[in-house]
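Enquirer: The following block contains the structure, expressed as structure tokens.
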Amino acid sequence: MKVVHKSQRLRLASALVVMVWMTGCVSGPKRNPVPPNLTADAQVVGMPGVRMIMDPFAAKPPPFEASLEPASQLARNKPGPLTLLAISGGGADGAFGAGLLNGWTASGKRPSFDIVAGVSTGALIAPLAFLGPDMDSKLKTGYTTVTDKDIYRKRGIFSILWHWDATMDPTPLYEYLYHEWDEQHLALIAAEHRKGRRLYVGTTDLDAQALVAWDMGAIAASGHAKAREIFCRAMLASASIPVAFPPVRFEVEADRQTYNELHVDGGVLSRQIRGAEPADVVGTGAVGGFSGVDDRLEPGDHHGDGPEDADRAGAEHQNAAALGLPGQALLHGLRLFGRLRRD
């Protein structure tokens, strides 16, 4: 009798997911995707302004600029520089970022960041980094005691065929986030948001093939009955690697119609949320920035913003649009897998 090892079973399961997507043998939940001409106008139901499409060919979309205006006012009124922290992806390497922040606190030189942005595993760190050293113990606990079973449940072959969208079930991760980010902690985020500080996480909108910035402070301060749910789902989406984890669904509205979007790991399109600094303070010496690639934080690190990168992104967008949603998810998964192997 031939023995099938766990790694072989995982590869087989992944192949089945791909085949199901590509052949269309199984239909997922009923979809009503946002029409392309309304993508930029779509808003989360009951929470206008918390979800912003980031156009790779525009330095900073107007909604995002408006979201940053309070931080711009903060920069003009504070004595020191405006401080920014961008935390990118890297899976388990998130432990590096968590350890660095703990060490930064111990050094006595860690600033209180005015703007914090996170993508992928960085989206799980960003809210804690935003609230400051008081959350360091949670950071340490999250990356030293949380195990695989606290993040996902493996699906069997028949479960994969039934659910059609991923090889793993991330319900444990969502439950963990929902437990950690209770109303008290959301109130702390909301209070800092009202002062002018800003917190963002990035996801990938599968339908629009675009990076989306979520204004997490605005979500926390919205007072909406589903604020806690949307806050946690945005973090979950940003960390949801395609094929491994299913896309996270959001109900949105545009032109007085209700639609739904599917969001996955923001890291498949961008390591960071670009342009998270107020335009009117850039170049004045009033900005002190720290950015991270794969959660190895370095001052002012930047990648992939040249004209060739923009041209390549445009070509990939056109090619992916022709694949349909299953092909797009597969493309994102392969792209992220290639990036992880390269790094």
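Enquirer: Suppose we keep only residues that are closer than 17 Å to VAL201 by Cα and modelled with pLDDT of 90 or more within the stretch 241-264. Which one would you say is surrounded by the most Cβ atoms within 10 Å (Cβ to Cβ)?
Expert: The qualifying residue surrounded by the most Cβ atoms within 10 Å (Cβ to Cβ) is VAL264.
Yes/no per residue for (1) free of Cβ contacts under 8 Å to residues at least 24 places away in the same chain; (2) closer than 25 Å to THR141 by Cα:
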position: ALA166; (1), (2): no, no
position: HIS179; (1), (2): yes, yes
position: LYS195; (1), (2): no, no
position: ALA218; (1), (2): no, no
position: PHE231; (1), (2): no, yes
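Enquirer: Next question. Taking the stretch 94-132, which residues are part of a helix (DSSP H, G or I), open to solvent by less than 30 Å² (accessible area, probe 1.4 Å), under 21 Å from GLU192 (Cα atoms) and not hydrophobic (A, V, I, L, M, F, W, C)?
Expert: GLY122, PRO127
Enquirer: Can you find even one residue in the stretch 75-92 that is surrounded by fewer than 19 Cβ atoms within 10 Å (Cβ to Cβ) and within 19 Å of GLY267 (Cα to Cα)?
Expert: Checked against the condition, which is being surrounded by fewer than 19 Cβ atoms within 10 Å (Cβ to Cβ) and within 19 Å of GLY267 (Cα to Cα), the stretch 75-92 yields at least one hit.
Enquirer: Here is a further query. Could you grab me the full set of residues in the stretch 203-240 that are among the charged types (D, E, K, R) and either crowded, with 24+ Cβ neighbours inside 10 Å or in contact with a His (Cβ under 7 Å, 6 or more places away or on another chain) (or both)?
Expert: ASP205, ASP215
The values are calculated or read from the model by the stated rules, or taken from the named source; none is laboratory data. These figures come from a predicted structure and were not determined experimentally. Here the Cβ is made from the backbone with ideal geometry for all residues, glycine too, and neighbour counts use every protein chain on show. Surface accessibility is based on the protein's heavy atoms, side chains included, excluding ligands, DNA and RNA. Shrake-Rupley method; radii C 1.70, N 1.55, O 1.52, S 1.80 Å.
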